[in-house]
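As structure tokens, the structure follows; a few thoughts come after it.
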Amino acid sequence: MKKIGSLLWLVPGLLLLGMLLILSRRDPHASVRSPIEGLGKLNAVMEIIRDFYVEEAEMDRIVDGAIRGMLDELDPHSNYIPAAELREINEEFQGEFEGIGIYFQIRDKLLTVVSAIPGTPSDRLGLSPGDVIIEIDGKATYGITNEDVQRKLKGKGGTQVVIKVRRAGLEEPLTFRITREKIPIYSVESVFMLNGEVGYLRLNRFMATSADEIREAMKTLSKQGMKKVVLDLRNNSGGYLEQAQKIADLFLPGGLVIVSTEGRLAEFGSVLKSTTEDDLPPLPLIVLINQGSASASEIVAGAIQDHDRGLIAGQTSFGKGLVQRQLEMRDSSAVRLTIARYYTPSHRLIQRPYDKGLAVYYEEAMDEEDPNLFADTTAAKPVFRTRAGRKVYGGGGITPDVRIRSGRLTQYTSRLRTQQSFFDFANHAATAGPLRQRVEALGQEAFLRDWQPDEALLAEFVRFVGDKVDFNEEQWRQDLVWIRGYLKREIARVVFGRDPSLRVDLAMDPAVAEALLLFPEAERIQQLATRKAGR
């Protein structure tokens, strides 16, 4: 027994000695002074994993992980994109894809239609909000992932997919045979007149068609009597730099700097200026931003602010001012590497500091409970000047001219939203039956203008939620205006579609309501720019 025990210790000891000899020969702990040395070190570690790891390792995953790790050490926005993910990203920002045309959510492992995209195959065949897709091509969808939905419903135009749908109020499921086709993706999410003279545009991303969409939306609103405009860039995380330049160019006179870039290499430095092509009428302008506005959104907001073209309102933006160049690999994956930094026309650096690590970097930007989120922190920020001499602030992100609080919900209402209780209730109560009949009898315009959930409907909603979210009477009363609004929005979506539900959202949006009161200041700022240009 003693001899066997000694051998048991001896075998791992010899293996350990062999590993140490390999490590000493390959020297993976030596300082890396060149890319060749770095590759040697990585190769040594990969061979150790291959030879000694307890299981057979998936080397593709290990390589992908190593690349991600290298890029994470550089900055928050250099990153690695696998081939499949890159195809989806490119598709999203090109402005169209091939599929059936629905917005969907997975609720309690059920694939649920939020709405059909207008003019698409799903819309023409009559797929409705709240429909639950229970089968795709004969296979059950319970527990399906977002990735699987994309893979099964997208496909080459002209091909078909068969889905089976469970609809509220019907005993038997419905079967749809849908022919896929090109589905347009729009970046201008909302285009409305807020009143008789103020137009509203919400841009949700900067993709290949964004500038053209903005131009067409402005023409549409002008025909409806627009004399002032609100451009909403809240939660717009960016996109193509070229589109940011074109959109800023629409609002600015020619010859002005929109954004500049500076990198370690001179070839990555540039100055992008406005032109005199396709200038829009110089209407009073308010741009809404928040902590979710990043990159291209910050370029547009910074250019508008630095040239005194309009008023920036809301919350300090995210602070993503690093320029990435996409370099594709042989396997169709890509590395996005930071090559420069963005600066506004007054030479404010857009990028927020990230020296505390990636976790803190993202938490600080998006923490809505942060007591400093709405505080005036400009005293600690470097001061810059606009063309007309107004103070603006650096230190990362775009500091708005006027801070606007977004409404704070109680924990109770926040949980109702997180659980998607309003969405579920509307699908339950308004897909068919007396509520839908009453709403349809009113008509869309009367519903949007006059209708509010009554006490009976509110009580029905509380019963529907049941014990999924513990009822809190004090917080219910505190948030009752919001609760009524969320119910109205979801019922509008079910009965009338996506656009009317967005109009309900705008009607209860405190930032939009406050923006309407800020046009005198926007006009004053614009006059400063006009006087400066006339000197």
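Of all residues in the range 497-535 being among the β-branched types (Val, Ile, Thr) and more than 18 Å from Ala446 (Cβ to Cβ), which is modelled with the lowest pLDDT? If we take residues in the range 497-535 being among the β-branched types (Val, Ile, Thr) and more than 18 Å from Ala446 (Cβ to Cβ), then Thr530 is modelled with the lowest pLDDT.
Can you tell me which residue among Glu55, Glu73 is within 30 Å of Gly357 (Cβ to Cβ) and exposed (fewer than 14 other Cβ atoms within 10 Å of the Cβ)? Talk me through it step by step, then tell me what you get.
Working: Glu55 fails: within 30 Å of Gly357 (Cβ to Cβ).
Answer to the selection: Glu73.
Taking the criterion of being farther than 14 Å from Val257 by Cα and out of contact with any strand residue (DSSP E or B) (no Cβ under 8 Å at 6 or more places or on another chain), the residues of the range 274-292 that qualify are Glu277, Asp278, Asp279, Leu280, Pro281, Pro282, Gln291, Gly292. Among residues of the range 89-98 being modelled with pLDDT of 75 or more and over 18 Å from Ser295 (Cβ atoms), the one that is surrounded by the fewest Cβ atoms within 10 Å (Cβ to Cβ) is Glu98. Scanning the range 296-316 for residues that are at pLDDT 95 or above and assigned to a loop (DSSP other than H, G, I, E, B) yields His307, Asp308, Arg309, Gly310. The residues in the range 35-50 that are within 37 Å of the chain's Cα centre (by Cα) and under 14 Å from Gly69 (Cβ atoms) can be counted, and the count is 3. Listed conditions (1) crowded, with 19+ Cβ neighbours inside 10 Å; (2) modelled with pLDDT under 90 are all met by Arg124, apart from (1).
Take the residues of the range 215-242 that are part of a helix (DSSP H, G or I) and hydrophobic (A, V, I, L, M, F, W, C): which is farthest from Phe192 (Cα to Cα)?
Leu241
Looking at the range 139-195, what strands (runs of 3 or more DSSP E) fall wholly within it and have at least 1 residues that are in contact with a Lys or Arg (Cβ under 7 Å, 6 or more places away or on another chain) and not aromatic (Phe, Trp, Tyr)? It would help to see each step written out before you state the result.
On the way: elements: 160-166, 174-179, 181-184, 188-193.
Passing ranges, in order: 160-166, 174-179, 188-193.
Please verify whether the range 239-252 includes one or more residues that are modelled with pLDDT under 95 and either touching a Gly at 6+ places or on another chain (Cβ under 8 Å) or outside the structural domain of Ala211 (by TED's automatic domain parsing) (or both). Looking for residues that are modelled with pLDDT under 95 and either touching a Gly at 6+ places or on another chain (Cβ under 8 Å) or outside the structural domain of Ala211 (by TED's automatic domain parsing) (or both), one finds none in the range 239-252, hence no.
Every condition in (1) of a type outside the set (A, V, I, L, M, F, W, C); (2) surrounded by fewer than 21 Cβ atoms within 10 Å (Cβ to Cβ); (3) more than 23 Å from Thr386 (Cα to Cα) is met by Asn236 except one, and the failing one is (2).
Of Thr179, Thr175, all but one fail to be within 20 Å of Phe97 (Cβ to Cβ), of a type in the set (S, T, N, Q) and surrounded by fewer than 17 Cβ atoms within 10 Å (Cβ to Cβ); the exception is Thr179. Looking across Pro281, Pro345, one residue alone is assigned to a loop (DSSP other than H, G, I, E, B), surrounded by fewer than 22 Cβ atoms within 10 Å (Cβ to Cβ), touching a residue at least 12 places away in the same chain (Cβ under 8 Å) and not hydroxyl-bearing (Ser, Thr, Tyr). It is Pro281. Number of residues in the range 54-88 that are in a helix (DSSP H, G or I) and among the β-branched types (Val, Ile, Thr): the value is 3.
Yes/no per residue for (1) more than 26 Å from Phe97 (Cβ to Cβ); (2) in contact (Cβ under 8 Å) with a residue 12 or more places away in the chain; (3) of a type outside the set (Phe, Trp, Tyr):
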{"position": "Thr209", "(1), (2), (3)": "no, yes, yes"}
{"position": "Gly225", "(1), (2), (3)": "yes, yes, yes"}
{"position": "Lys228", "(1), (2), (3)": "yes, yes, yes"}
{"position": "Glu242", "(1), (2), (3)": "no, no, yes"}
{"position": "Leu250", "(1), (2), (3)": "yes, yes, yes"}
{"position": "Pro253", "(1), (2), (3)": "yes, yes, yes"}
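The values are calculated or read from the model by the stated rules, or taken from the named source; none is laboratory data. Keep in mind the model is a prediction, meaning the values are calculated, not measured. Because the Cβ atoms are built from the backbone with ideal geometry, glycine has one as well, and the counts that use them run over all protein chains shown.
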